[in-house]
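S.K.: Take a look at the following structure, please.
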Amino acid sequence: MCNNKTIPLSVPNLKGNELIYATEAIEAEWVSTAGPFISDFEHQIAEYVKAPVAVACQSGTAGLHLALMALGVSAGDEVIVPTLTFIAAVNPVRYIGADPIFMDCDDSLTMDADKLEDFCKKECELHEQSLFHKRTGRRISAVIVVHVFGNLADMDRIMSIAKVYHLKILEDATEALGSCYLDGKYRDKYAGTLGTMGVYSFNGNKIITTGGGGMIVSQDPKLAERCRFLSTQAKADSLYFIHEEVGFNYRMTNLQAALGLAQLEQLESFIEIKQRNYKRYISQGIELLSFKENIRSNTWFYSYLAKDRDGLIRFLKEHQVQSRPIWRLIHTLKPYRGCRTYRIEKAYRYYEAIVNLPCSSNLQEAEVDKVAGLVKEFEKSEI
Ligand SMILES: *Cc1c(COP(=O)(O)O)cnc(C)c1O
């Protein structure tokens with residue numbers, strides 16, 4: 001099968017009630033930023049991840065921007081972020097006029113908690129309930145923790161570091177909807193609900209999609225309401241156009257939410273398929289990076305450590321298989337060159353070796369076998 005067809009890396013899977021709900025929104029002519037599907041979708045996400053409140057917005061990036069504002073991060077602050085992630089996790093720091101400090105990853109690809117602690121201990125000082133960076137004298141107000149590829153960062157450690165050093169934790173759970181802990185302090189708790197706030201994304205390649213969209217969850221309902229207010233142009237009075245601060249047009253549309261509701265109905269089945277395909281790659285002899293043992297990961301993306309990353313990507317492309325390297329380290333990218341970094345070591349190694357292999361939730365077993373066969377063929381030819 002599919003001999004002449006490209007096997008994509010990660011594409012939407014819209015075979016549930018998407019068309020039915022979207023048609024309903026169109027027939028009712030509720031397609032914009034008001035309409036019943038939006039609050040339905042918010043309630044259902046909140047219920048699924050067991051969060052007190054959820055606020056729907058236009059993208060994960062918009063959600064991170066709003067959440068940073070709600071957490072009180074302000075211009076001139078510094079925010080600790082990972083370097084091994086997608087740039088959208090970091091750009092919102094700059095939207096606010098704050099600056100990132102880049103941290104290394106550990107072998108789970110998520111933020112190295114030991115280095116985070118070391119940095120706070122050695123390079124910072126506490127002063128009246130705030131942490132200050134000794135070298136710059138600036139306040140460090142928050143940490144953005146990214147649950148890379150659906151793996152969970154060590155939230156137990158990170159939350160206790162945050163407590164000691166008075167740091168707000170914003171979880172970028174854009175890749176980790178559905179990942180949760182199976183034991184320990186956070187047993188049965190979901191990515192996004194462990195820090196003060198969390199953000200999901202429904203972009204086209206995420207585990208569920210609304211075309212584009214995001215969702216903010218918060219343990220403190222007041223912070224979520226603040227995001228909702230800012231996301232709808234900060235209207236103090238909706239009839240008389242009274243605005244007392246600068247807001248944003250960041251609200252999700254009813255049409256997007258219609259897709260979201262249909263996608264959420266399938267989330268658990270998508271996770272099952274992703275887990276099955278992940279195991280199949282491994283049973284075909286492809287060693288993929290593992291997810292943590294004490295979690296149920298949504299298994300969003302599969303990472304393979306290649307000896308010749310670019311050669312493998314080229315070889316797969318010649319055989320109509322789409323793959324990609326992991327993101328370029330953000331502190332090496334033009335907008336962030338010269339920013340403060342702290343002992344970045346492992347991120348370079350993973351950056352150089354990781355190839356993400358096809359992982360869509362509609363990927364067929366025969367396609368997994370084909371990709372696995374090609375990877376093995378390439379690696380053999382390399383010896
Ligand atoms: C996808 C993604 C985002 C941004 O989400 P959008 O909905 O595309 O704006 C942010 N951070 C990470 C780690 C992502 O993978």
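The values are calculated or read from the model by the stated rules, or taken from the named source; none is laboratory data. What you see is a predicted model; the values in this text were computed from it and never measured. In this analysis, Cβ positions are derived from the backbone assuming ideal geometry, glycine residues included, and neighbour counts consider all displayed protein chains.
S.K.: Within region 326-383, track down each residue that is without any contact (Cβ under 8 Å) to a residue 12 or more places away in the chain and aliphatic (A, V, I, L, M).
M.R.: If the condition is that a residue be without any contact (Cβ under 8 Å) to a residue 12 or more places away in the chain and aliphatic (A, V, I, L, M), then Ile383 is the only one that fits.
S.K.: Being hydrophobic (A, V, I, L, M, F, W, C), under 29 Å from Glu272 (Cβ atoms) and assigned to a loop (DSSP other than H, G, I, E, B) is the filter; apply it to region 140-178 and report the residue that is farthest from the ligand (Cβ to nearest atom).
M.R.: Across region 140-178, the extreme among qualifying residues is Leu152.
S.K.: A follow-up question, please. Which condition does Ile344 not pass, out of (1) part of a helix (DSSP H, G or I); (2) among the hydrophobic types (A, V, I, L, M, F, W, C); (3) farther than 26 Å from Leu177 by Cα, if it passes all the others?
M.R.: (1)
S.K.: Which pairs do you get when a residue that is in the same structural domain as Asn205 (by TED's automatic domain parsing), found in region 265-284, comes within reach of a residue that is crowded, with 21+ Cβ neighbours inside 10 Å and modelled with pLDDT under 95, reach meaning Cβ atoms under 6 angstrom, with the pair 6+ apart or on two chains?
M.R.: none
S.K.: Could you identify the single residue in Asp77, Asp112, Asp104 that is outside the structural domain of Cys339 (by TED's automatic domain parsing) and out of contact with any strand residue (DSSP E or B) (no Cβ under 7 Å at 6 or more places or on another chain)? Before you say what the answer is, go through the steps one by one.
M.R.: On the way: Asp77 fails: out of contact with any strand residue (DSSP E or B) (no Cβ under 7 Å at 6 or more places or on another chain); Asp112 fails: out of contact with any strand residue (DSSP E or B) (no Cβ under 7 Å at 6 or more places or on another chain).
From the options Asp77, Asp112, Asp104, the qualifying one is Asp104.
S.K.: Between Ala347, Ala306, Ala372, which is surrounded by 19 or more Cβ atoms within 10 Å (Cβ to Cβ) and within 14 Å of Pro82 (Cα to Cα)?
M.R.: Checking each option against the conditions leaves just Ala347.
S.K.: When the residues of region 101-131 are narrowed to those that are under 18 Å from the mean Cα position of the chain (by Cα) and in a loop (DSSP other than H, G, I, E, B), which ends up farthest from the ligand (Cβ to nearest atom)?
M.R.: Going through the qualifying residues, I end up with Asp107.
S.K.: Can you report the number of residues in region 248-263 which are assigned to a strand (DSSP E or B) and either out of contact with any helix residue (DSSP H, G or I) (no Cβ under 6 Å at 6 or more places or on another chain) or modelled with pLDDT under 95 (or both)?
M.R.: Matching residues across region 248-263 total 1.
S.K.: When the residues of region 85-100 are filtered to those that are closer than 25 Å to Glu117 by Cβ and under 12 Å from the mean Cα position of the chain (by Cα), which remaining residue is farthest from the ligand (Cβ to nearest atom)?
M.R.: That would be Val90.
S.K.: Exactly one condition in (1) more than 29 Å from Gln266 (Cβ to Cβ); (2) surrounded by fewer than 16 Cβ atoms within 10 Å (Cβ to Cβ); (3) of a type outside the set (D, E, K, R) is not met by Gln320; state its number.
M.R.: So Gln320 meets the others, but not (1).
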